[in-house]
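Heads up, the thing below is written out as C-alpha cells.
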Amino acid sequence: MNSVYLCPPAPRLFAHRGASAASPENTLPAFRSAVAAGLPYLEMDVWSTADGVVVVHHDETALRLCGDPRRISDLSLAELQNLDAGHTFSPDGGRSHPFRGRGVIVPTLRQVLDAFPKARCNIEIKQAEPAAEELTVATIREAEAEERVLLAAEQDAVMKRIRECCGEIPTSFSRGEVAAFLEWIQGGCLGSYRPEGVALQIPEVFGTTRLVSPETIRAAHRAGLEVHVWTVNEAQDMERLLGWGVDGLMSDHPELLAATAGKIL
C-alpha cells in the first residue's frame, strides 16, 4: 500500500483536534473549520463505546466536553450522542457558550472519515482497556481510508496491539519508543536502530527535557523518520520550528498555522 498520508511534501500542517481553539474539540464543526482553513491533516483521538463503536473524543470521560462525568467506554453510542458536545466550550473564559444547545455531538470515527473524504487523519487510540485497536482498524478499513491514515498511541501496550492488526497502515511512536530514540541519540547514534514507526509526534519540551532541537531533527532524518511537533499555537514558534526543519506542526489555530507556513514556504 502506498500511503497517501505520507505522499505530500513536508511540512505537514495538522489541525489539533480540529480548530479546537474556536470550536468544541474533536467535533464535526471543529474539523469542518480546519478543512475550510486549508489544513490537509486532521488530528483526533478515539475511544470505543460500551456497544463497540469507535468515537472521536480525547478524555476518558465526557465531563470536560459535555459536562457528564461518565466514562466513554461505559456509555452506549446512543447515550453518548444524546449528550451536548458543545455544552462546556467557551472561547472567552466562560462568559459565553456559543455551541451550547446547537446539536453538536461526539462523532463516530466513521462519521468523521466519511464527512472529510480528502482529509488525512492522524488517529490516536487513547483507550487501553477494553482494547479498541481492532475496532479502530476495522472502522478505517470499512471506510476505505487505510491510505490516508496514521495510527498513534502513547501507551506501549496499545501501540504493540495496533501493529499486530494494522497491516500497512503507518504508525507513530509510543512513549517507550520515544525514550529509546533519545537514548540512541545520547549514545552518539551508534549501532543499529530500526524504528517501527514513521514519525516522532512529540512536544518541543516535556517537563524539563527538550525533545525537539536541530540535533534531534537531524538524527530523526538520519533514521528515516519525520518529526511532528505538538501543540504549537504561537506564530514565532511555528516559524522557528519550521526553520529548524521539522516535518509537521500540530496547532489549535489552523488559520494561523496555514498563514504562518504560507509566508515562509
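The values are calculated or read from the model by the stated rules, or taken from the named source; none is laboratory data. Source: prediction; values computed, not measured. All Cβ positions, glycine included, derive from the backbone under ideal geometry; neighbour counts span all protein chains shown. Side chains are part of the model used for accessible areas, which takes the heavy atoms of the whole protein and leaves out ligands, DNA and RNA. Shrake-Rupley method; radii C 1.70, N 1.55, O 1.52, S 1.80 Å.
A single entry from GLU147, GLU142 fulfils the requirement of being under 27 Å from ALA115 (Cβ atoms) and touching a Ser or Thr at 6+ places or on another chain (Cβ under 6 Å): GLU147. Test GLU25 against the criterion of being touching a Lys or Arg at 6+ places or on another chain (Cβ under 8 Å), closer than 23 Å to ILE140 by Cβ and open to solvent by 40 Å² or more (accessible area, probe 1.4 Å), and give yes or no. No: the conditions fail for GLU25.
When residues in the range 222-239 are screened for being assigned to a helix (DSSP H, G or I) and in contact with a Gly (Cβ under 8 Å, 6 or more places away or on another chain), 0 of them pass. Among the residues making up the range 123-168, those that are in contact (Cβ under 8 Å) with a residue 12 or more places away in the chain, over 15 Å from GLU196 (Cα atoms) and assigned to a helix (DSSP H, G or I) are GLU133, GLU134, LEU135, THR136, VAL137, THR139, ILE140, GLU142, GLU146, GLU147, ARG148. If you go through the range 223-265 and keep only what is on the phi > 0 side of the Ramachandran plot and either of a type in the set (Ser, Thr, Tyr) or open to solvent by 30 Å² or more (accessible area, probe 1.4 Å) (or both), you end up with just GLY224. Taken across the range 91-111, residues that are aliphatic (A, V, I, L, M), open to solvent by 50 Å² or more (accessible area, probe 1.4 Å) and assigned to a helix (DSSP H, G or I) do not occur at all.
Residue-by-condition table, conditions (1) closer than 22 Å to LEU265 by Cβ; (2) without any contact (Cβ under 8 Å) to a residue 60 or more places away in the chain; (3) outside any strand (DSSP E or B); (4) not acidic (Asp, Glu):
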site: VAL178; (1), (2), (3), (4): no, yes, yes, yes
site: GLU183; (1), (2), (3), (4): no, yes, yes, no
site: CYS189; (1), (2), (3), (4): no, yes, yes, yes
site: GLN201; (1), (2), (3), (4): yes, no, no, yes
site: ILE217; (1), (2), (3), (4): yes, yes, yes, yes
site: ALA220; (1), (2), (3), (4): yes, yes, yes, yes
site: LEU241; (1), (2), (3), (4): yes, yes, yes, yes
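Quick check on my filter: what residues within the range 197-210 are over 18 Å from the mean Cα position of the chain (by Cα) and either closer than 27 Å to SER3 by Cα or polar (S, T, N, Q) (or both)? THR208, THR209 - these are the residues of the range 197-210 that are over 18 Å from the mean Cα position of the chain (by Cα) and either closer than 27 Å to SER3 by Cα or polar (S, T, N, Q) (or both).
Each residue in the range 179-210 was checked for being under 22 Å from GLU124 (Cβ atoms) and either open to solvent by 20 Å² or more (accessible area, probe 1.4 Å) or aromatic (Phe, Trp, Tyr) (or both), and 13 of them qualify. Only residues that are out of contact with any strand residue (DSSP E or B) (no Cβ under 6 Å at 6 or more places or on another chain), under 27 Å from ASP51 (Cβ atoms), buried (at least 18 other Cβ atoms within 10 Å of the Cβ) and not charged (D, E, K, R) were counted across the range 126-178, and they come to 4.
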